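Data block below; observations after.
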Amino acid sequence: MADEIEATDGEEIEVEADVTVDVFDVDGDGQPDTVVVTETSLVDVDGDGVPDIIQQVVTTAVDVDGDGVPDIVDQVTTTAIDVDGDGTIDVIDEVTATGIDVDGDGTIDEAEVTEATYVRDDIED
């Protein structure tokens, strides 16, 4: 699936996106326990046919106590960027957000967000 997005300078940038949903019955009771949604986007900023930005968002929801409401929600967003347009990824940024419903009331009680950025160190100026 490809969508056209109009950039602020009037140029059209092609964005390819794909979404998959996987549902798992981990305990075998016939009810879904875990749902994983994966969204992947490829953006060709300079129009050379090679993606300059790749982003993948994986959201996982786990129902631990079987009440049909997720007790653990985890989202990992990974973004890879080819800064100089040479076809090689230069920067990778990963943000992980995790929320846990400790007492089973359907509300996230504990949340944590972590971020890690990796920059290729052999980039020539």
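Within the range 78-86, can one find any residue that is over 22 Å from Val19 (Cα atoms) and part of a strand (DSSP E or B)?
No; the residues of the range 78-86 include none that is over 22 Å from Val19 (Cα atoms) and part of a strand (DSSP E or B).
Do you know which residues across the range 92-125 are assigned to a loop (DSSP other than H, G, I, E, B), more than 27 Å from Asp63 (Cα to Cα) and in contact (Cβ under 8 Å) with a residue 24 or more places away in the chain?
Arg120, Ile123
Inside the range 8-65, counting only strands (runs of 3 or more DSSP E) that do not spill past its ends, which hold 3 or more residues that are farther than 18 Å from Ile81 by Cα, open to solvent by 60 Å² or more (accessible area, probe 1.4 Å) and not hydroxyl-bearing (Ser, Thr, Tyr)?
12-24
Give the number of residues within the range 27-57 that are among the β-branched types (Val, Ile, Thr) and closer than 30 Å to Pro70 by Cα. Don't jump to the end; show me each part of the working.
Narrowing the range 27-57 to residues among the β-branched types (Val, Ile, Thr): 34-38, 40, 43, 45, 50, 53-54, 57.
Now narrow it down to the ones that are closer than 30 Å to Pro70 by Cα: 34-38, 40, 54, 57.
Qualifying residue count for the region: 8.
Out of the residues in the range 66-91 that are open to solvent by 70 Å² or more (accessible area, probe 1.4 Å) and touching a residue at least 12 places away in the same chain (Cβ under 8 Å), which is nearest to Leu42 (Cα to Cα)?
As a first pass, look at the range 66-91 and keep what is open to solvent by 70 Å² or more (accessible area, probe 1.4 Å): 67, 75, 83-84, 86.
From the residues that got through so far, the ones that are touching a residue at least 12 places away in the same chain (Cβ under 8 Å) too are 67, 75, 83-84.
Numbers: Asp67: 37, Gln75: 19, Val83: 14, Asp84: 16 Å.
Here the residue is Val83.
How many residues are surrounded by 13 or more Cβ atoms within 10 Å (Cβ to Cβ), within 14 Å of Asp71 (Cα to Cα) and not small (Gly, Ala, Ser) if we restrict to the range 92-125?
The qualifying residues number 4.
The values are calculated or read from the model by the stated rules, or taken from the named source; none is laboratory data. These figures come from a predicted structure and were not determined experimentally. No Cβ is skipped: glycine too gets one built from the backbone with ideal geometry, and neighbour counts run over all protein chains shown. With ligands, DNA and RNA removed, areas are computed over all heavy atoms of the protein, side chains included. Shrake-Rupley method; radii C 1.70, N 1.55, O 1.52, S 1.80 Å.
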